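Have a look at the structure below, then the notes.
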Amino acid sequence: MEVLSVQHLHKKYESFWLKDVSFSMQQGRIMGYIGRNGAGKTTTLKSMLNLVHADSGTIRFFGKDMQDAEFEIKQRIAFIFGSVNYYPQSKLKTISDVYRRFYTNWDEHVYQNYLSRFALDPEKKINQLSQGMSIKFALALALSHHAELFILDEPTSGLDPVSRDELLTIFEDLVDHEGASILFSTHITSDLDKNADDITYIKNGQLLTSQKKDDFVSSFRLIKGVSNSSNESLKHKIIGCSERKGEISGLIRSADQKDFNDFEISPADLDAIMIHTEREV
């Protein structure tokens with residue numbers, strides 16, 4: 001089942017333009033939405049959720065139009081944008097008492113389990129939490145009303161490696177055992193290596209691709225070799241081409257691999273693909 005469809009989304013600011021973004025997502029998948037800071041990830045997510053008014057485009061969740069069924073849709077999804085930083089003098093239990101009133105499927109037992117799992121003290125105030133603990137609190141709230149689709153903006157930002165791994169394990173459990181779907185933006189590509197099924201990549205407000213992660217990664221290769229006159233004509237095929245001390249390196253399409261017989265060729269990963277793609281003018 002298609003849980004999300006974004007079609008021809010546009011949003012123009014004075015210094016930034018989200019241009020014709022289109023992608024879709026199936027149930028039970030984890031999609032990583034990648035791009036540099038400022039590429040348009042947050043603008044896309046907020047436009048999808050009607051938190052920012054898009055100039056044009058169609059957003060559908062579970063086959064329903066966001067403009068026609070916003071309340072029903074938002075009962076079935078969970079979303080967080082960074083840490084909880086509002087009402088800094090309020091206790092966690094005060095925030096959760098307000099939060100639970102908005103969701104008909106709020107599950108107090110699940111919420112208490114996450115408080116325990118994340119070692120969160122409900123008597124603490126927001127301003128007493130570290131950045132990482134504040135993110136965990138936001139996640140505890142988001143995970144406690146049996147959402148079918150989770151939309152998370154940089155959810156692992158500010159977390160230590162152990163906490164990030166714990167969160168990614170929670171993502172896997174939600175998908176594998178509860179049939180949930182997860183869309184999360186990130187520039188930490190190593191998080192996606194662990195459990196993302198799909199990759200949607202945005203650069204300067206424009207979508208570069210949206211496809212299965214394994215297909216995306218396998219479509220590229222890293223190359224390295226001596227720079228000389230005989231391979232000068234190949235440079236236009238090298239993405240993010242770099243030359244240093246007589247050596248040339250960069251990223252190529254796997255389909256072009258046959259043209260680089262004199263180069264050292266190795267598999268690419270998400271990190272390398274993003275670095276070289278962003279280096280490309």
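May I ask you to list the residues in segment 55-97 that are among the β-branched types (Val, Ile, Thr) and in contact with a Phe, Trp or Tyr (Cβ under 9 Å, 6 or more places away or on another chain)? If the condition is that a residue be among the β-branched types (Val, Ile, Thr) and in contact with a Phe, Trp or Tyr (Cβ under 9 Å, 6 or more places away or on another chain), then Ile73, Ile77, Ile80, Val84, Thr94, Ile95 are the ones that fit. Considering segment 141-167, and only residues there that are at pLDDT 90 or above and small (Gly, Ala, Ser), the residue that is surrounded by the fewest Cβ atoms within 10 Å (Cβ to Cβ) turns out to be Ala147. Residues in segment 20-42 that are buried (at least 16 other Cβ atoms within 10 Å of the Cβ) and in contact with a His (Cβ under 9 Å, 6 or more places away or on another chain): Val21, Ile34, Gly35, Ala39, Lys41. Whether any residue in segment 244-259 is assigned to a strand (DSSP E or B) and in contact (Cβ under 8 Å) with a residue 40 or more places away in the chain is what I want to check. Looking for residues that are assigned to a strand (DSSP E or B) and in contact (Cβ under 8 Å) with a residue 40 or more places away in the chain, one finds none in segment 244-259, hence no.
Scan segment 189-202 for residues that are surrounded by 17 or more Cβ atoms within 10 Å (Cβ to Cβ) and either among the hydroxyl-bearing types (Ser, Thr, Tyr) or not in a helix (DSSP H, G or I) (or both) and the total you get is 8. Determine whether Ala180 is crowded, with 21+ Cβ neighbours inside 10 Å and out of contact with any Phe, Trp or Tyr (no Cβ under 8 Å at 6 or more places or on another chain). In short, no.
The strands (runs of 3 or more DSSP E) falling completely within segment 1-97 that include 1 or more residues that are more than 24 Å from Ala196 (Cα to Cα) map to 2-12, 17-26, 56-61.
The values are calculated or read from the model by the stated rules, or taken from the named source; none is laboratory data. Fair warning: this is a prediction, and the values are worked out from it, not measured in the lab. Don't worry about glycine lacking a Cβ; one is built from the backbone with ideal geometry, like all the others, and counts go over all protein chains shown.
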